[in-house]
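Take a look at the structure set out below.
The values are calculated or read from the model by the stated rules, or taken from the named source; none is laboratory data. Quick caveat, the model's predicted, so the values are computed rather than measured. Cβ atoms come from the backbone with ideal geometry, glycine included; neighbour counts cover every protein chain shown.
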Amino acid sequence: MQKVAIIGAGITGLTAAFELKEKGIDCTVFEASDRVGGCIQTVREDGFLVECGPNSILDTHPHLGKLIARLGLEGNKLPSKPEANNRFIVRDGKPIALPTSPQAFILSDAFSTRAKLRLLREPFIKSKSNEQESLADFVVRRLGQEFLDYAINPFVSGVYAGDPAKLSTCHAFPKLYALEQKYGSLIKGAINGAKERKQREEVATKDARMFTFDDGMEVLPRQLAAKLGEAIRLNTPVAGIQPLDEGKWLVNCEEFTDVVLAIPTHAQTELNVPFDLAPLSAVYYPPVASLSLGFGINQFMHALNGFGMLIPKIENRFSLGALFPSSIFAERAPGGMALLTVFIGGSQSPDRALMDEEMLLANALKDLKDLLGLDGEPDYKHLSVWPKAIPQYVVGYEKYLNHMKQIEGAYPGIHFAGHYRDGISVANSILSGINVADKIINHEDAKDTKRHEP
């Protein structure tokens, strides 16, 4: 009889457990902390709703909607406001709205005439990326230096907490890499790829609907946990995984046929296991500080009418950027108030994330005053510091992925799943849980078929 141990009650582990339970497979989720959800954590205080980690989900795959429907959460979904489609980029000390259409791009001040003309060359560039090319080299080769400085660099540092000079194009941005490999051009690929996504019932990231839940992102892991009930064991760390006879595994004195490692790689290396996890200790997770601040809406000269503001490294500011949560979703701040979340640190300035709260606040407020016309101090503040935030898919990341595959091949029943393997977004982490559950289910179905063959 199949019995699965899942180490980690983050969104990947919870999703995998839910899928397995739906198929009648016994599973136990071991969680070292006193709560589920991992980096998905919502705080509601003083009338503000703060996301300590991810603030939303992009509805890019049909499996996401199906999962939410099966969980009974369709009525709890909260779509983003229309103004959340606006994004601002800082250029020459001013936030400028990014263009959302070809016509707007032509008229936009976000990029110079030279950069716009350079973009027209992109379909005619014949060179192709190799697996060892960084994102920075890829972008300069295809789009030019200005697009790296004022589009890709702030996006990567703000979303990925990363450095485009170190990130791998093929691993960190596989869809971008695939467009060039298949079509020889990003522009051609974007046009032709739309037809293929429609056939797969997928949505491009730029067109995907953004949503959260009425009581914050933590609604999702809480509902998964409610469905799993006693299968989740909180405050139950796992010290090791030991092999037994007949392909079984011993976890916390219990026997299991399969073990899913749904915890970060740096936590995996602390486990006592019969296989070598030491190489995974080199996966880099930079520190990030998330500083949420509440103000009176009239304290800003800027209208805050958008998703947020990204700050390119070339602008030499302290912060990576700021989200405008109360402009993105309803009920995130009391009436007449605005909630902003400033991000600090990441791969390009990791030491900043670990400064004391007073220093973080002073520097963040200076950026807001200079860039958004803030006047005065915040009425509310909440600081979340993630010492090891987001795994960096750097050039050469395939050595880690190949090492995981080798372990899975040599030790049947061991599975790796999570944002360190299948992409860093919440959507990717959910799909990683679905995929590892399918792998376990299909393997068991195959064994059942073999047992019943005449």
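For this structure, a couple of remarks:
- Scanning the range 148-180 for residues that are in a loop (DSSP other than H, G, I, E, B) and either closer than 23 Å to residue 342 by Cβ or of a type in the set (Ser, Thr, Tyr) (or both) turns up 161, 162, 163, 164.
Conditions tested, residue by residue: (1) at positive phi; (2) without any contact (Cβ under 8 Å) to a residue 60 or more places away in the chain; (3) assigned by TED's automatic domain parsing to the domain that holds residue 426; (4) not polar (S, T, N, Q).
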| residue | (1), (2), (3), (4) |
| --- | --- |
| 319 | no, yes, no, no |
| 323 | no, no, no, yes |
| 333 | no, no, no, yes |
| 347 | no, no, no, no |
| 354 | no, no, no, yes |
| 362 | no, yes, no, yes |
| 373 | yes, no, no, yes |
| 379 | no, no, no, yes |
| 382 | no, no, no, yes |
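- Residues of the range 261-274 that are outside any loop (DSSP other than H, G, I, E, B) and under 20 Å from the mean Cα position of the chain (by Cα): 261, 265, 266, 267, 268.
- Residue pairs meeting the criteria (Cβ under 7 Å; at least 6 apart or on separate chains; first assigned by TED's automatic domain parsing to the domain that holds residue 182 and closer than 16 Å to residue 166 by Cα, in the range 118-144; second buried (at least 18 other Cβ atoms within 10 Å of the Cβ) and of a type in the set (Lys, Arg)): 134/166
- Residue list for the range 152-173, filter: touching a Phe, Trp or Tyr at 6+ places or on another chain (Cβ under 9 Å) and surrounded by fewer than 20 Cβ atoms within 10 Å (Cβ to Cβ): 166
- Leading residue by the ranking (surrounded by the most Cβ atoms within 10 Å (Cβ to Cβ)) among those in the range 404-431 that are in contact with a strand residue (DSSP E or B) (Cβ under 9 Å, 6 or more places away or on another chain) and of a type in the set (A, V, I, L, M): 417
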